[in-house]
Amino acid sequence: MSTTTGLDPAIEYHIVNSLMWRGLRPLQAAAVEPVRSGDDCVLVAPTAGGKTEAALFPLLSDMVEQGWQGLSVLYVTPLRALLNNLAPRVQSYTAWLGRTAAVWHGDTTQGERRRIKAERPDVLLTTPESIEAMLVSPSVDHRAMFASVRAVVVDELHSFAASDRGWHLLGVLERVQRIAGRDIQRVGLSATIGNPAEVGAWLQGSRRGEQAPARVVVEEAPADAPAPDVQVDYVGSIANAARVIAGLHRGEKRLVFLESRRLAEQLAYELRELGTETFVSHSSLSVDERRRSERAFAESTNCVIVATSTLELGVDIGDLDRVIQVNAPRTVSSFLQRLGRTGRRPGTTRNMLFLAVNGDDLIEVLAILLLWKRGFVEAVTPPPDPRHLTAQQILALALQQGVLRAGDWRAWWGGLSLMDGAEEVMAYLRAEEFLVADGDLLLIGPRAERELGQRHFMELLSSFIAEKELRVMQGTKEIGFISPLALQRESGDKSAIKPLVLNGRGWWVEDVEWEKFIVHVTPLELRGDVRWQSGKLAFSFEVMRARRDVLLGAVPDVPLSARAQEKLPDAVAPHESEVSSDGMVLHRGTDRDRLWTWAGLRANATYVAGAELDADEIDNESIALPAGLPVERLRQGDMSTAVPWVDPRQVNALKFSVALPEETARATLAARMADRQGAREVQHEPVVHGT
């Protein structure tokens, strides 16, 4: 190593002699000073860009030079598998310095937990749920465990910030910070994040405004770096996709992404029928089965692993040669995460081959790539109004402390915005006997024991309530998946749900099992031409407008196969009457009108609520409206506070909703489904009358 790095000399020595590196990667070099300054940081680099080392090498240098003792660094990830994957690397780094690292998550054995409690490691790799478990467990001396914490590294920061697990993480970090009696430095790591400064400010929690703004370090691609090899092909069916995958790149390791478990299983079956060694990973398989597949894939050479988003994050499954995407991912961020699984070895290039199964899928692929070529990456926005987690944190603190003093419980979270409105939540918890008073002390009450006390309050420890998709079932046959926003109520009857249109067919909704997120349906003939086949998942405003741009003739600057070029005009033709460069298209009909907004399900549902329209049907592309509605009527309404309609039964699917007033729980759900900016765009965009 020709120049000093600013790291501890022992780490410099091992970088050269143990890792055999010639030097630090650009992000690693750029991160040394910001991280060692003690400032909060967000480090952004492509997958396999060395982000773990960029955070840990400076922190380990401080650990040695400043004499940190005890558990000093928490390293938090969203996945147990990622922790297991990282552990050997991190343990080797700490061993260079005579320090230790350990893993604590839900699969950690009792024996290993006892060892950690007896001999606390210098670095603990863990999850937010495990930190919570340690805080509330009577078998863990949480004050001794966390008293020495100086810093936390949050890996896959974008994944946390976009879900309630992020709010949960911030809540437990504030409590750890209070126990430690010092500000805890926060270092976030991400491969894809469109607004790192804003997410960095969110990560600071109660430190925001009191500390310097989080410093953002981004590794830009070198000017001479080869452009990713991204290509698009049209194959027409899953069976044809299997033939292409089996025939291309023989002797190489191929990772294939799909957006549904059903298609993943179908593709795996077709590949095996063709004699291709194939492994599968998706969320319906057991963890053990997924891990067996991933280990076998890592050890093989000429093989394919078929996966949904389970392999999108940074779990190491060995060196990959190719990534193939069947149809389109739902976001540009997902595309970039998946693209980053390749090109890790020197001399190789990041690559992805898209295989479109039908014409509409081809348009979706081109829309995602159009956004990518424009430099767009989705901004990460923490879910609004996390009042259910406000309740969870108060109850968890009561378990942690045994009792709460009525006058000082609020101080545990400082100015963390998670606790905005906490007094209202506290009043409800007391009124409903989730907490009971003994003088100025508050204790866990009988309602909390009854609702949340099973298995020693295990359900209280995790916040897994990220918006789910509803599984649509006809008997035992899976039809597809929909967003909860697709379940619209009948006019004047808040309990009745309108018939559902999914994949071009009508379905009568017989029942919704909100606890299992299953919709039971029977076939129904519906009038109307619903041609788009993507189903009723909620796509963003930007993605839908990119689809409209493709239908209007925009094509991303990526290679298209001859089959894709030949298919594109046929794919566009059925939608030509639904798009216009002059604005939205309104089709007048005898029974109903249809407004083609191309704004996304959230924006459309928010617009309908704000304009107080009795829509017959809402999807990503359009809204079915009463016939003859004047165009001027479409301009009315206030979108600044509009929220979509939420089925009252859906509240039961919001974790910890029992600890909130029903109205507050429904408002939380509705706020998370709203897209007010998109709704305003719909409200003010010109309307063109279609033919």
Looking at Ala239, Ala212, Ala246, Ala264, which one is crowded, with 23+ Cβ neighbours inside 10 Å and over 22 Å from Pro46 (Cβ atoms)? Ala264
Turns out the helices (runs of 4 or more DSSP H) fully within region 409-491 with at least 1 residues that are crowded, with 21+ Cβ neighbours inside 10 Å and in contact (Cβ under 8 Å) with a residue 12 or more places away in the chain are 422-431, 446-452
So Gly181 clears everything in (1) at pLDDT 95 or above; (2) assigned by TED's automatic domain parsing to the domain that holds Gly275; (3) surrounded by fewer than 16 Cβ atoms within 10 Å (Cβ to Cβ); (4) not hydrophobic (A, V, I, L, M, F, W, C) except one condition, right? Which one? (2)
Ala391: in contact (Cβ under 8 Å) with a residue 24 or more places away in the chain, farther than 28 Å from Pro128 by Cβ, surrounded by 24 or more Cβ atoms within 10 Å (Cβ to Cβ) and over 22 Å from the mean Cα position of the chain (by Cα), yes or no? no
Among Leu169, Leu135, which is surrounded by fewer than 24 Cβ atoms within 10 Å (Cβ to Cβ) and assigned to a helix (DSSP H, G or I)? Leu135
Enumerate the pairs (first residue in region 550-566 and modelled with pLDDT of 95 or more; second residue anywhere and assigned to a loop (DSSP other than H, G, I, E, B)) with beta-carbon separation below 7 Å, excluding pairs fewer than 6 apart on the same chain, so at least 6 apart or on different chains. Leu551/Val579; Leu552/Val579; Leu552/Ser581
Being surrounded by fewer than 16 Cβ atoms within 10 Å (Cβ to Cβ), under 21 Å from Arg186 (Cβ atoms) and polar (S, T, N, Q) narrows Gln28, Gln66 down to just Gln66
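For every residue, the table says whether it meets (1) surrounded by fewer than 19 Cβ atoms within 10 Å (Cβ to Cβ); (2) of a type outside the set (A, V, I, L, M, F, W, C); (3) assigned by TED's automatic domain parsing to the domain that holds Val425; (4) assigned to a loop (DSSP other than H, G, I, E, B).
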{"position": "Glu632", "(1), (2), (3), (4)": "yes, yes, no, no"}
{"position": "Arg649", "(1), (2), (3), (4)": "yes, yes, no, no"}
{"position": "Asn652", "(1), (2), (3), (4)": "yes, yes, no, no"}
{"position": "Glu663", "(1), (2), (3), (4)": "yes, yes, no, no"}
{"position": "Thr668", "(1), (2), (3), (4)": "no, yes, no, no"}
{"position": "Ala671", "(1), (2), (3), (4)": "yes, no, no, no"}
{"position": "Gly678", "(1), (2), (3), (4)": "no, yes, no, no"}
What tally of residues in region 199-254 results from selecting those that are of a type in the set (S, T, N, Q), in contact with an Asp or Glu (Cβ under 8 Å, 6 or more places away or on another chain) and modelled with pLDDT of 95 or more? 1
Give the residues of region 499-514 that are in a loop (DSSP other than H, G, I, E, B) and at pLDDT below 75, sorted by residue number. Asn503, Gly504
Count of residues meeting criterion [assigned to a loop (DSSP other than H, G, I, E, B) and without any contact (Cβ under 8 Å) to a residue 60 or more places away in the chain] in region 587-614: 5
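The values are calculated or read from the model by the stated rules, or taken from the named source; none is laboratory data. These figures come from a predicted structure and were not determined experimentally. Note that we place each Cβ from the backbone using ideal geometry, even for glycine, and neighbour counts take in every protein chain shown.
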